[in-house]
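Notes follow the structure.
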Amino acid sequence: MWYKKTMRKEQLEAQIEKAKAELLKLGPMRPGSLSQQYSACQKPGCKCVDPVHPQKHGPFYQLSYTHGGKSTTQFVRPPFVPEVRKQLAAYKKFKALTQQWVTLALELCKLEMQEARSAASPSERTPRS
Ligand SMILES: [Zn+2]
């Protein structure tokens, strides 16, 4: 029983170390989401108002994110889109890994407190009221 618990603790610690190592490997990141938009300028004679085959302008890429309670939306020029997508993916991974780290840390704290409680003498184990 005790051995099993120790193993579990070591497993949690190992998983935390793994998450930390993954975090260190992350490249440039930025929060947000990218949306693609098309528009029509409505100028007479423009391809966007062609009566037979209207072709809207675009795509335009818009990046939206919230940081420090402030929402921002900005346009991203098409040549930068691949890089921005990479940064957004890195941020998603960052969030997932930190979330995982916290989950493991909470689990580890719980285990440690349980261990401390079962190691304590019966009188100490009595809840204070
Ligand atoms: Zn147009």
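Bear in mind that the values in this text are calculations on the coordinates, not laboratory data. Being a predicted model, the structure only gives us computed values, none of them experimental. Cβ sites come from the backbone with ideal geometry, for glycine too, and all protein chains shown count toward neighbours.
Key figures for this structure:
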| quantity | calculated |
| --- | --- |
| For the range 42-57, Karplus couplings with θ = phi - 60° (6.51, -1.76, 1.60), whole Hz, Gly/Pro x | 6, 6, x, x, 6, 4, 6, 10, 4, x, 8, 10, x, 10, 6, 7 |
| Alpha-carbon centroid distance for the pair the range 14-59 / the range 100-114, whole angstrom | 38 Å |
| Farthest toward positive dipole pole in the range 19-118 [+1 Lys/Arg, -1 Asp/Glu at C-beta], among ALA21, TYR65, CYS46 | CYS46 |
| Highest-MSF residue in the chain out of ALA14, ALA119, ALA90 [GNM, Cα springs under 10 Å] | ALA119 |
| Listed pairs LYS20/LYS86; LYS56/LYS92; LYS9/LYS92; LYS9/LYS95 exceeding 22 Å between Cα atoms | LYS56/LYS92; LYS9/LYS92; LYS9/LYS95 |
| Ascending count of other beta-carbon atoms within 10 Å, so fewest first, for HIS67, HIS57 | HIS67, HIS57 |
| Fluctuation leader among TYR38, TYR65, TYR91 - the chain, Gaussian network, Cα springs under 10 angstrom | TYR38 |
| Note, ³J(HN,Hα) from phi for the range 11-25, Karplus 6.51, -1.76, 1.60, rounded to Hz, x at Gly and Pro | 5, 4, 4, 5, 5, 5, 4, 5, 5, 4, 5, 5, 4, 5, 7 |
| Cβ charges +1 (Lys, Arg) and -1 (Asp, Glu), total dipole of the range 1-88, debye | 200 debye |
| On Cα atoms only, tilt of 81-119 relative to the major axis of the chain in degrees | 10 degrees |
| Estimated distance in nm for a label pair at HIS57 and ALA90, the labels positioned 7 Å out from Cα along Cα-to-Cβ | 3.2 nm |
| Kirkwood-Stokes translational diffusion coefficient of the range 19-118, alpha-carbon pairs, 4 °C, 1.567 mPa s, µm²/s | 75 µm²/s |
